[in-house]
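Down below is the structure, laid out as structure tokens.
The values are calculated or read from the model by the stated rules, or taken from the named source; none is laboratory data. Everything numeric in this text was worked out from a predicted model, so none of it was measured. For neighbour counting, all protein chains shown are included, and Cβ atoms are generated from backbone atoms with ideal geometry for every residue, glycine included. The accessibility values were calculated without ligands, DNA or RNA, using every heavy atom of the protein model including side chains. Shrake-Rupley method; radii C 1.70, N 1.55, O 1.52, S 1.80 Å.
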Amino acid sequence: MTSDREWFADRVAIVTGGGSGIGQAIVQGLAREGSAVVVADVVPASAAQTAADVARTGGRAVDVVVDVSKEDEVARMVKTAVDRFGRLDLLVNCAGNLPAGKPVVDLAEAEWRSLLDVHFTGTFLCCRASMERIAEAGGSIVNLSSSYAFKGRPNGADYSAAKAGIFGFTRIVASELAPQATANALAPGPIDTPRWRTGLDPEQLAAKRTKRVKDVPMRRLGRPEDIADAALFLLGPHARWITGQVLHVNGGEFYP
Ligand SMILES: NC(=O)c1ccc[n+]([C@@H]2O[C@H](COP(=O)([O-])OP(=O)(O)OC[C@H]3O[C@@H](n4cnc5c(N)ncnc54)[C@H](OP(=O)(O)O)[C@@H]3O)[C@@H](O)[C@H]2O)c1
């Protein structure tokens, strides 16, 4: 049986949102297993820092500044992977902006479109630009959905809709990549990342952590590494007959 190390060693991956949180942990996991990684993020400093950290520990990474909702920038991202490393095997769609956090009646069309543009259209554009190469390489795609796609997020119609769309979209990508390559979605529960902590002072953050942990049978929030482990499983040698699925990684918080 192929080991993780043998499988990942010659692979080339793109991770969008790779400069922060879950994406950054996936970059680090892939690099540790020997893959070359394109760290793609809209924030130049965090993409550069993440790629530099990988290089410092002996891995291969290049940073690319990209807005995943822009077709030309996505094309440049894929070109960078191929020009720099010669191929493209793996894609993880992790980039995400923050929801407006409003009830539907208060949600402006621009806010709705902005969220859908990044999470949903961004996932579509990155898959479309990569699928032919990933099929040729016999690789894999992982798209980040969310438990909120299934249970709904209060004041989060934009986010729940985008993440539910990603699940349906991934099923079709999987069918179009088969039998050469796979595509799956991950649905994380609450993961303690910069995004999850956004806008909260220490007191508010402590209260949010306490409240959310109550709903989690495993009695802790998720860590970015929990999601990276699941992503590497789906991208790796032991998931070759798993495609078109959604894997829920949530400490038992939610049973679909
Ligand atoms: N954390 C959770 O509890 C959780 C749970 C379920 C699903 N998820 C999903 O997992 C993914 C990663 O979340 P995270 O918590 O790790 O978030 P994060 O720490 O904010 O990382 C996401 C990264 O994507 C970047 N980004 C935003 N818009 C972009 C764009 N248009 N093009 C390229 N990059 C862009 C962000 O930049 P900025 O900082 O400028 O926005 C950030 O660097 C998201 O899709 C999120 O919806 C997270």
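On full extension, the segment bounded by Arg171 and Leu98 gains 23.8 nm, given 0.36 nm per residue less the C-alpha separation. Let me have the relative contact order for the chain, percent, based on Cα pairs under 8 Å that are six or more residues apart. Reported relative contact order: 19 percent.
Net charge around Cys127, counting only other residues with Cβ within less than 13 Å of its Cβ (Lys, Arg = +1; Asp, Glu = -1)? Cβ neighbours under 13 Å give a net charge of 0. Computed extension length for Leu200-Asp229: 7.7 nm, one decimal, from 0.36 nm per residue of separation with the Cα-Cα distance subtracted. Residues in the chain average 47 Å² of solvent-accessible surface per residue, probe 1.4 Å, ligands and nucleic acids excluded. Here each label is just a point 7 Å from Cα along the line to Cβ, and for Ala52 and Arg113 those points are 3.7 nm apart.
The angle between the Cα long axis of helix 21-32 and the longest principal axis of the Cα atoms of the chain comes to about 20 degrees, rounded to the nearest 10. Packing, as the average of other Cβ atoms within 10 Å across residues, places the peptides 211-222, 28-39 in the order 28-39, 211-222, highest first.
Relative to one another, the C-alpha centroids of region 1-66 and region 82-124 are positioned 19 Å apart. Quick check: from the Cα gyration tensor, does the chain come out rounded (a/c under 1.5), prolate or oblate? Rounded shape, in that the Cα axes give a/c under 1.5. At an R0 of 25 angstrom, the distance between the Cβ atoms of Asp83 and Arg5 translates into a FRET efficiency of 0.45.
The share of accessible area on region 108-180 that comes from carbon and sulfur is 53 percent, using a 1.4 angstrom probe.
Short-range pairs are left out: with C-alpha atoms under 8 Å and at least six residues apart, the relative contact order of region 1-150 is 23 percent.
When the C-alpha to C-alpha distance is required to be over 20 Å, the pairs from Lys151/Lys214; Lys102/Lys151; Lys70/Lys151; Lys70/Lys102; Lys102/Lys208 that qualify are Lys70/Lys151; Lys70/Lys102. For region 38-162, the gyration tensor built on C-alpha atoms gives a prolate shape. Its axis ratio a/c (a ≥ b ≥ c) is at least 1.5, and a/b is the larger of a/b and b/c.
Over the residues of the chain, the helix contribution to mean residue ellipticity at 222 nm works out to -15000 deg cm²/dmol, using -39500 (n - 2.57) for each DSSP H run of at least 4. Within the shell defined by Cβ-Cβ distances under 14 Å, the residues around Ala55 carry a net charge of +2, with Lys and Arg each +1 and Asp and Glu each -1. The C-alpha atoms of the chain define a longest principal axis, and helix 224-235 lies at about 40 degrees to it.
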